[in-house]
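So the structure is just underneath, and the comments pick up after that.
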Amino acid sequence: MDLTWIGGSKVDRPLADARQARDLVSTLQPGDPATALRQITEWLASLNQTEGVKTSRRFETVDLLDGAANVPQVKLSQDYLSTPRQQKYHENRLWNAAYGYWKELGDAYNVCLRDYESGSSGNTAIRRSLPVIVARTLRALTLQLKWGLLRYGPVERRIWSEISRLYLLAEQAGMADSEIAIYPDEHELTTPQREFLKALVLAASSPDGLLPMRLDIAERAVAHFAGAFRLSIRPEGCTHCFDLAHSKPPVRLLKGPNPSETLRFFAAGEGLAELGRLTARISQSGVIPAEVNLGGSHEKDLVTGVLNYLAHTWSDRPQTRGEERRQTAGQITVVPGLNEMLGTFEPPLDDDLDFSCQASAEKWIVYDVSDYSYGAIIPARKGSWIRIGALIGVKNETSE
């Protein structure tokens, strides 16, 4: 495929090839959002690997591809959330397309920032767009975070590292509070700081306790209330903290820590009260207000359930566990379902009871334990049977 319109041997030409870029975008197939998004991702990846492109031309091209991806990525997200989890092949196809796109888009805006900081040609033309570029990069990283959470796996440390670097850049450049229209079709203004807070509050909202559709609603609710969130260099009035010097997610404030140059403290702030008012309004009217974008038409009980969940996680007095949880490291063996359990309990008389002999047995990594429960990392497997409410048999490493 000819990609000289993004650079190649003609990088010194003015951006006269924009028409060729638009022609390529016009070839996208809107009926297959996953294929369209993968095609855009390939173009972004090629652009990211092309050196010598004027910064202004690079930004204009990334902006064009970002806009072209809007419709397919929305359709793909809707398809993903409505797909039964057991359709693993289709789920993988959609997830890989979405996550791959947001990663390449974030990388593309990062390259624009890198070129600007290095003094590349074309910098002057995009100086006024820097707050937009930083905010879009932060949003792309937040959506990588969201899609990672939809798989209930560990979040890449790279995401937190990049979020930290970008926010420090925004603070040092004095643009963290700069109000911008991040995209032409968005009516609400935002700031780099607000995009930063969206990632922090989403991670602090116990998203691993939400099913995919509920997690999607929660992420959109976080975005809706982000303008009311609180960020400070001191812990007073805050519930969580985030260290810009470490590639780790935010944590709830318990004892300390003391303020430092890299610590940022945050809370839902007035967003918690606004959340309560919206929940009451929806409960009374049975209708989600038109100005609140929660990703489509949802039942009242579904939305209020998610909002109540967020209210608990944002509170300065979160619900506590009924028993102490102790940190540990080990494995448990798990078999799924009643039939598998009964087969395990009825071995031949001359054999020892052994869960690990079951073909369906799985090993889960345990990171904490209480008298009645485990905290475990569940490995992703093709054709996964795992769902909320599934019956399992469990054996630890030392039990008979």
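The values are calculated or read from the model by the stated rules, or taken from the named source; none is laboratory data. Here the structure is a predicted model, which means the values were calculated and not measured. No Cβ is skipped: glycine too gets one built from the backbone with ideal geometry, and neighbour counts run over all protein chains shown. Note: accessible area is taken over every heavy atom of the protein model, side chains too, but ligands, DNA and RNA are not part of it. Shrake-Rupley method; radii C 1.70, N 1.55, O 1.52, S 1.80 Å.
One table, with the values for the structure above:
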| read-out | value |
| --- | --- |
| Every residue from segment 43-73 that is among the hydrophobic types (A, V, I, L, M, F, W, C) and touching a residue at least 40 places away in the same chain (Cβ under 8 Å) | W43, L44, A45, L47, V53, F59, V62, L64, L65, A68, V71 |
| Selection status of A108, modelled with pLDDT of 90 or more and either over 29 Å from I386 (Cβ atoms) or surrounded by fewer than 21 Cβ atoms within 10 Å (Cβ to Cβ) (or both) | yes |
| Segment 233-253, residues that are exposed (fewer than 13 other Cβ atoms within 10 Å of the Cβ) and more than 25 Å from the chain's Cα centre (by Cα) | R234, E236, G237 |
| Number of the condition not met by A228 [criteria: (1) closer than 16 Å to L130 by Cβ; (2) crowded, with 16+ Cβ neighbours inside 10 Å] | (1) |
| Residue satisfying condition, being at pLDDT 75 or above and of a type in the set (D, E, K, R), within set E340, E346, E400, E323 | E340 |
| Candidate set: segment 360-375, residues that are under 23 Å from L342 (Cβ atoms) and assigned to a strand (DSSP E or B); chosen: the one modelled with the highest pLDDT | Y374 |
| Residue within segment 222-238 that is in contact (Cβ under 8 Å) with a residue 24 or more places away in the chain, outside any helix (DSSP H, G or I) and touching a Ser or Thr at 6+ places or on another chain (Cβ under 8 Å) present | yes |
| Residue check, E117 free of Cβ contacts under 8 Å to residues at least 12 places away in the same chain and open to solvent by less than 20 Å² (accessible area, probe 1.4 Å) | no |
| Which listed residue is at pLDDT below 95, farther than 23 Å from L141 by Cβ and not β-branched (V, I, T), from L272, L278, L211 | L211 |
| Filter result for N70 (closer than 19 Å to V134 by Cα and out of contact with any helix residue (DSSP H, G or I) (no Cβ under 9 Å at 6 or more places or on another chain)) | yes |
| Total residues in segment 101-152, condition among the acidic types (D, E) and closer than 28 Å to D208 by Cα | 2 |
| Per-region count, segment 252-310, residues in a loop (DSSP other than H, G, I, E, B) and among the polar types (S, T, N, Q) | 5 |
| Unique match (being open to solvent by 20 Å² or more (accessible area, probe 1.4 Å), in a helix (DSSP H, G or I) and either touching a helix residue (DSSP H, G or I) at 6+ places or on another chain (Cβ under 9 Å) or modelled with pLDDT of 95 or more (or both)) among E188, E219 | E219 |
| Odd one out for G269, checked against (1) surrounded by 20 or more Cβ atoms within 10 Å (Cβ to Cβ); (2) under 20 Å from the mean Cα position of the chain (by Cα) | (2) |
| Residues located in segment 266-290, provided they are free of Cβ contacts under 8 Å to residues at least 24 places away in the same chain and at positive phi | G286 |
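Residue by residue, here is whether (1) at pLDDT 80 or above; (2) open to solvent by 20 Å² or more (accessible area, probe 1.4 Å); (3) not acidic (D, E) holds:
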position: G8; (1), (2), (3): no, yes, yes
position: L15; (1), (2), (3): no, yes, yes
position: V25; (1), (2), (3): yes, yes, yes
position: P33; (1), (2), (3): yes, no, yes
position: A36; (1), (2), (3): yes, no, yes
position: E42; (1), (2), (3): yes, yes, no
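So that you can scan it fast, the table gives a plain yes or no per residue for (1) out of contact with any Leu (no Cβ under 7 Å at 6 or more places or on another chain); (2) surrounded by fewer than 20 Cβ atoms within 10 Å (Cβ to Cβ); (3) among the charged types (D, E, K, R); (4) assigned to a helix (DSSP H, G or I):
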position	(1), (2), (3), (4)
C112	yes, no, no, yes
S121	yes, yes, no, no
A125	yes, yes, no, yes
R128	yes, yes, yes, yes
A135	yes, no, no, yes
Q144	yes, no, no, yes
Y152	yes, yes, no, no
R158	yes, yes, yes, yes
